[in-house]
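Written out below as structure tokens is the structure these notes cover.
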Amino acid sequence: MNIVVASGKGGTGKTTVAVNLALALDQEKTQLLDCDVEEPNAHLFLKPVFDKSREVGIPVPAINLAQCSFCGRCSEVCAFNALAVLKNQVMVFEELCHGCGGCAYLCPERAITERHRPIGIVESGKAGKLDYGHGRLNPGEAMSPPLINAVKKMSNPEKITIIDAPPGTSCPVVSAVKGCDYCVLVTEPTPFGLNDLDLAFQMVNKLDIPAGAVINRSDLGDGKVEEYCQIKNLPLLQKIPFDRALAELYACGEPVVLHRSAWRNRFRELFTSIAERQKEVVRWRNI
Amino acid sequence: MKLAVCAQEESLAAEVDQRFGRCPCFVVVDSESGEMINSICNVHAEAAGGAGPQCAQLLAESGVEAVALGNVGPKAATALEAAKIMIYTGVEGTVENTVQRFNEGKLSPVSQATVSAHSGLRGKR
């Protein structure tokens, strides 16, 4: 079972929820994948020992000008404008290329070969008995979805996999959320939190992934988010009240469930409600 | 000289557009006579990315020798240079005005980007 922890707004507590949820469960049966490849941070709390590292890249076109007839077919078929064909020159804008391979496949002169362009690395290892994996996107790189997909490929079907998604609702988030069994939307009870929760909820609905909300610092804002959950029929899985001890431990890079048993119980309850919701969804879908 | 002017509509009387890759159209004129040769609708204006180089390709296919614009980004500037299309900046008013000012030497040639990537997506005109 893949549970993805996402949020429209950044800084709402995705990593707090993902890390503590993973640590509250039976470690031998759990895995955590940090898919925020632009700035992975779950490892700061889990302190894993990495034993595997591998480069990830995408295929980009390389033009053999001696064979090219400058017909412009490659530029015409590229959905991302990564190729411009001029009089006697073909320009490749690698940073725009998504690595689909269309140009090489459709070139009538067979003048295009593909070259591996590295975009980042995936690393994996163990944090105690917990399986851990993440990706690191190369600095300046914009093409994160292929790397996120590579991190998700490490998902072990025999385990409960918790995925920490990047913030927002753009392509990287869609890549992280797509295909998961359940999505936990972490938010905060503020106007920004509500606005971005709505965007994120629209996104998971489009992707047809069952979702529930967790309101972090639930006692510090207004009641609009709860109202929204009721109106939209978005299950409110848990409210996390503000707790200075949690914030202090967070600032030291310490997951609260390892230090406070009450919090451990809370996150176990969160998992139980996710599992129950999941069961309901499955039952509903099978009718 | 075959000069393309970034414009908001396809006529000599049209207002110019400060953006290159994102302008609605290019009005192509014979700079000597000041007459309009044709106009090119910019089908890449709404592209998610890479509009600039595609526009350079469009202009190159039409045999354009120079382009008059407000701003140009890094990828577009590289592509225009590769296509051997000269870049002149400082458009204002109408296309007709701009051609006149081009002939008076009031537009400045540039060989590099004048703005950063994606500036044309920020609603600048």
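The values are calculated or read from the model by the stated rules, or taken from the named source; none is laboratory data. Keep in mind it's a predicted model, so treat the numbers as computed, not measured. Cβ placement follows ideal geometry from the backbone for every residue including glycine, while neighbour counts extend to all protein chains displayed. Accessible surface is based on the protein model in full, side chains and every heavy atom, while ligands, DNA and RNA are left aside. Shrake-Rupley method; radii C 1.70, N 1.55, O 1.52, S 1.80 Å.
Between B:Pro53, B:Pro24, the distinction of being touching a residue at least 12 places away in the same chain (Cβ under 8 Å) and closer than 23 Å to A:Glu95 by Cβ belongs to B:Pro53 only.
Scan the range A:63-75 for residues that are more than 7 Å from chain B (Cβ to nearest Cβ) and surrounded by 13 or more Cβ atoms within 10 Å (Cβ to Cβ) and report the count. Quick ask: steps written out before the conclusion?
The initial filter retains those residues of the range A:63-75 that are more than 7 Å from chain B (Cβ to nearest Cβ), namely A:63-74.
Within this subset, residues satisfying the condition of being surrounded by 13 or more Cβ atoms within 10 Å (Cβ to Cβ) are A:63-64, A:68, A:70-74.
Number satisfying all stated conditions: 8.
Per the conditions (1) within 25 Å of A:Glu95 (Cα to Cα); (2) aromatic (Phe, Trp, Tyr); (3) open to solvent by 20 Å² or more (accessible area, probe 1.4 Å), the sole criterion not satisfied by B:Tyr88 is (1). Which residues, counting only those in the range B:20-44, are in a loop (DSSP other than H, G, I, E, B) and open to solvent by 20 Å² or more (accessible area, probe 1.4 Å)? Result: B:Arg22, B:Pro24, B:Glu32, B:Ser33, B:Gly34, B:Val43, B:His44.
Tallying residues that are open to solvent by 60 Å² or more (accessible area, probe 1.4 Å) and within 26 Å of A:Lys9 (Cβ to Cβ) within the range A:124-137 yields 1.
Condition check ((1) in a loop (DSSP other than H, G, I, E, B); (2) open to solvent by less than 60 Å² (accessible area, probe 1.4 Å); (3) of a type in the set (Asp, Glu)) across all residues:
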site	(1), (2), (3)
A:Gly8	yes, yes, no
A:Gln31	no, yes, no
A:Asp36	yes, yes, yes
A:Lys52	no, no, no
A:Val60	no, yes, no
A:Val85	no, yes, no
A:Val90	no, yes, no
A:Arg110	yes, no, no
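Filtering the range A:85-131 to residues that are touching a residue at least 24 places away in the same chain (Cβ under 8 Å), within 14 Å of chain B (Cβ to nearest Cβ) and β-branched (Val, Ile, Thr) leaves A:Val90, A:Val92. Taken as a whole, the structure places B:Pro74 among residues that are within 12 Å of another protein chain (Cβ to nearest Cβ), surrounded by fewer than 23 Cβ atoms within 10 Å (Cβ to Cβ) and within 27 Å of A:Val92 (Cα to Cα). Considering the range A:150-269, the qualifying helices (runs of 4 or more DSSP H), each wholly inside and each with 3 or more residues that are open to solvent by less than 10 Å² (accessible area, probe 1.4 Å) and under 25 Å from A:Leu44 (Cα atoms), run over A:171-177. Within the range B:49-71, being facing chain A (nearest Cβ under 7 Å) and part of a loop (DSSP other than H, G, I, E, B) holds for B:Gly49, B:Gly50.
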